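Input: a single structure, listed below in structure tokens.
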Amino acid sequence: MSGTPSIEIDGLCVAYGDAVAVDRVAFSIQQGELATLLGPSGCGKTTTLRAIAGLEDPTTGVIRLNGDTVFDSARRINVPAERRGLSMVFQSYAIWPHMTVAENVAYGLKVRRRPRAEIDSNVKRALDLVQMSAFGDRPASKLSGGQQQRVAVARAIAFSPSVLLFDEPLSNLDAKLRTEMRVELRELQQRLEITSVYVTHDQEEALAISDHVIVMNQGRIEQIDAPEVLYNRPASLFVADFVGAANLIEGTVRQTGPVSVFETRGGQVLRVATPRSVTGSETILALRSSHVSLQTEPSAAAGDANVATGTVHRRMFHGDFVQYVIDWPAGQLLVRRPPTEMIAEGAAVSIMFLPEHCVLLGR
Amino acid sequence: MVLVLLPCAALVLYPLVFIISESLNVGDPGVFPPEIISLSNFARLKDDVPIILNTLYVSVAATAMAVVFGFVLAWILTRTNVPGGGRFERLMELPYYMTPLVGAMAWGVLAGPKTGLLNQVWHLTGATGDLFNIYSPLGIAWVMALFEGTVAFVMISAAMKSMDPSLEESARVLGGSKLRTAFGITLPLVAPGVLSAIVFVFAEMLGAFAAAFVLGIPGRFYVITTAIWESTQSFPPDYGTAAALGLSLFLAMTVTLTIARLIMRKGTYATITGKAFRPRPVNVGAGRWLCLAVVMAYLLVAVILPIGALLMTSFQKFATVILAQSIFTLDNYRTALATGTLGSAFVNSMILGVSVATIGVLVMGVLTWIIYRSRLPGRTAIEYVLMFPQAVPRLVFGLGLLWAWINIPIPIYGTLWLLGIAYFTVFLPLGLRTLAGVVLQVDRSLEECACVCGAGWMHRMRTVSLPLLRPGIAAAWLLIFIASIRELGASIFLMGPQSKVISPAIINAWLSASSELSAAMAMLLTATIFIAVIVLFGVARTFVRTDA
């Protein structure tokens, strides 16, 4: 999609005294997209989200929603939260306990003085979308966590906002409900084509539901990319470590080119094929644990794949996958394999992975 | 915001300026600023060493009793399987609401020499001499411990309740016996809470007035507060000494309260997580009936006996109750409610209570919002200033207010206006603390969500903030109302002939030796307070419910 992005952030800084929570953050999100702000706690993701909502006053920067400037420190523009026309789902759900479910959902519409009939039909539609229509007359204080979550979503979409913000909406739910709600939220967002910003510290959740993931660390953006690019081609050591399970192997670059050569500390020589240019100063090779395959019988060198030998040091059965710790010349290697391949502890294995799955990173 | 903050800060600080200047004034006590300044008022304090020793003696004894009562009751009610359990908890606060003044008079009736009801019963058994003379230093301490020391129970049971039960359970799992767990784990963990309760109660006792006044003055036994009062009543009034004594007392209380706060902040381990635990009660077996007996005994001496004694006295025709020959009458209540000066004292107190509570909740609500929700620079300093009256003994504060407002060319001295202003000022800490607790309980995101939904400030207040805060606001209103109608220390200096209020009026009746009339007035006061307390507890219960 082209045209004016729904959300544009430029040079955004939020500081409390000397403490800088958000440091020169810039990104834009296209209409109908869902972008995730991902990072460890204290990385500035929630502060960024709250600055978009107007609940936090940035020190400097520009925020534009659908082409309208809602914050600009240089031009002294700061539209208050209630007039930015966006909506938000809070981490605590923020369901008002003194109202019924329907009153909660109708709030944004009542504030906008919509006619009665429109309020009723929109509330019904919103509650239908989250499968809570049977609960309209319930006092909101009598809901379970998952139900409160649904009501919070219904309330946020009821007045058809142009932008929807999610502040760790699933973090208070148990694991099973979380994965279910994740699917529902994504379906809802795509059906309504509503531009969304989603904050989470759960990398799996971020990868699963986003069009783009914005990884933040210590107030700054580390990388913005589609989930699969982020996973396969982390741009920094932080991203490689924070997103997914990766082996970070230390060593030096011996040769640069379309296929570079990397020698690990233990003297293992590996081939790396990367679309990003290699400077030769990289000291880390990142390798996803699920990009490695193991075999018990010695394998014939398959094309240009990296092949090495090792022994199974430890095996842990996780159900959906089996995690191996392999002793090999470069130290220890974490490998995740499907539970259909079981290798005994102590067995000798041959290790294989492709050069295009290796990523070279600097410190 | 500045428009609200500055006047309130001035209300607190202005009277203190007068106390300081008066304590240095050795010239004409009625002239401000003082013409001759010297420290001789403080130098003369060495003559008051016996009074200071009296104060320490009574305060230490009262603190010791209050903390022992508080600890035992808190342990029984929070940690054992006593029959009735938590239902007794709120009843334990009743003595505090009954006020030390009413408690002291009641115990005067119960255990006065010779004619005290308990002593009369003692004589019936054939014994000679008195069982107990309440008009003694230990008697004063006993009354103070019962009616002023409730805070010890509240603080200690809060410490016991806030303890994560898993801390004890892990000691048990690791092989510690019940006793070993109690001494090795439980006690050290509640120790900071108990310690800060001791210091806090001690500060409270230093500034206590009513019990020492009712029970000490007849035997010419003075503590600092009663000495301050006495020196203002002499002719000519010795305001210099009063101010010097008052300032010293204020400093002593400030130091002790600071220590209490430091213990609380530094000494508490991670037990206070803000989560309300209900620790698993210890099964004490048949001992639970003993525990119940202890609780009942406490309620007997602190609530039932005093109220019974006063009730009986209030129906008597003659001051002294001789059990064998009493004549019952309703005259005392008729006099108390008649539209004379006494009747108007009751009405005045009600007017003051309602208006101070109403205006107070409004203004203090704004103050609370500024202190806890805005980002105004220096708001912690503001909080500190507004919490100041907490450390100033009421009596001393009343004295400062008296001088402050006499020296202002607004003719409100001797009117209810002055009393209203005084009440508002001294109840700032109470109101702010109650409202802050309420505001902090309501999650900020509830308001933010309304904001994001498009509601402006007014709409947000009307539809979200105020409805959520309503029970807490009602509780604050009731607490200020109760505090107002029972106020004694500040009122005793500030009330004029045209602006009598109930507590000092009770004292006046008591001093003019009509204990049956003061008993009737005390019963009216107590009944009013109890009604307010019942409403308060009801409101508190609904608040807990909406919270969950």
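Nothing in this text is a laboratory measurement; each read-out follows from the coordinates by a stated rule. The structure presented is a predicted model; accordingly, all values stated were derived computationally and were not measured. As a convention, Cβ positions derive from the backbone with ideal geometry for all residues, glycine included, and neighbour counts pool all protein chains shown.
Which links in A:Lys124/A:Lys176; A:Lys110/B:Lys161; B:Lys317/B:Lys500; A:Lys110/A:Lys142; A:Lys176/B:Lys161; A:Lys176/B:Lys178 stretch past 32 Å when you go from one Cα to the other? Could you put the intermediate results ahead of the total?
Values: A:Lys124/A:Lys176 27 Å; A:Lys110/B:Lys161 43 Å; B:Lys317/B:Lys500 25 Å; A:Lys110/A:Lys142 23 Å; A:Lys176/B:Lys161 34 Å; A:Lys176/B:Lys178 40 Å.
From the list (A:Lys124/A:Lys176; A:Lys110/B:Lys161; B:Lys317/B:Lys500; A:Lys110/A:Lys142; A:Lys176/B:Lys161; A:Lys176/B:Lys178), the Cα-Cα distance tops 32 Å for A:Lys110/B:Lys161; A:Lys176/B:Lys161; A:Lys176/B:Lys178.
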Average the reciprocal distances over every distinct pair of alpha-carbons in the range A:245-361, invert the result, and give the Kirkwood radius in Å. 14.4 Å
Which whole number gives the average count of other chain Cβ atoms within 10 Å of the Cβ atoms across peptide A:109-116? 2
Roughly how many nanometres apart are two label points built 7 Å out from the Cα toward the Cβ at A:Asp202 and B:Arg375? 3.1 nm
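Please compute, for peptide B:454-460, the average count of beta-carbon atoms on other protein chains lying within 10 Å of each residue's beta-carbon.
Numbers: counts 15, 7, 4, 2, 0, 4, 2.
Per residue, the average neighbour count from other chains is 5.
Any idea what the relative contact order of chain A is, in percent, if you count C-alpha pairs under 8 Å spaced at least 6 apart? Intermediate values should be presented prior to the final figure.
On the way: 787 pairs, mean separation 54.5, N = 363.
Averaging sequence separation for qualifying contacts and normalising by length gives 15 percent for chain A.
Step by step: find N for the protein assembly as shown, compute 2.2 N^0.38 Å, then divide the Cα radius of gyration by it. What's the final number?
Details: Rg = 36.2 Å, N = 911, 2.2 N^0.38 = 29.3 Å.
So the Cα radius of gyration is 1.24 times the expected 2.2 N^0.38 Å.
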Mean Kyte-Doolittle of at least 0.5 and a Cα length of 24 Å or more along the axis: which whole DSSP H helices of chain B meet both? B:2-24, B:49-79, B:187-206, B:239-262, B:341-373, B:466-486, B:515-547
Mean Cβ neighbour count within 10 Å, used as a protection proxy, ranking B:204-216, B:111-123, B:71-83 highest first: B:204-216, B:71-83, B:111-123
Could you work out how far the C-alpha centroid of the range B:229-258 sits from that of the range A:49-122, in angstrom? 57 Å
Determine the equivalent ellipsoid of the range A:50-130 by diagonalising the alpha-carbon gyration tensor, then write out the semi-axes as square roots of 5 times the eigenvalues, largest first, rounded to whole Å. 30, 15, 10
Could you work out, residue by residue across A:88-100, how many beta carbons of other chains sit within 10 Å of that residue's beta carbon, and then give the average as an integer? 5
Can you compute the modelled spin-label distance between A:Thr179 and B:Leu174, with each label point 7 Å from Cα toward Cβ, in nm? 3.8 nm
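What do you get when you divide the Cα radius of gyration of chain B by 2.2 N^0.38 Å, with N the number of residues?
Expressed relative to 2.2 N^0.38 Å, the Cα Rg reads 1.01.
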Can you give the three extents of the C-alpha atoms in the range A:75-216 along their principal axes, from longest to shortest, in whole Å? 46, 42, 26
Take each of the peptides B:345-352, A:343-350, average the number of other beta-carbon atoms within 10 Å over its residues, and list them starting from the highest. B:345-352, A:343-350
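Distances longer than 35 Å among the Cα atoms of chain A: what percent of all pairs is that?
Numbers: 24756 of 65703 pairs.
For chain A, the share of Cα pairs beyond 35 Å comes to 38 percent.
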Mind jotting down the distance between the C-alpha centroids of the range B:94-123 and the range A:202-240, whole Å? 75 Å
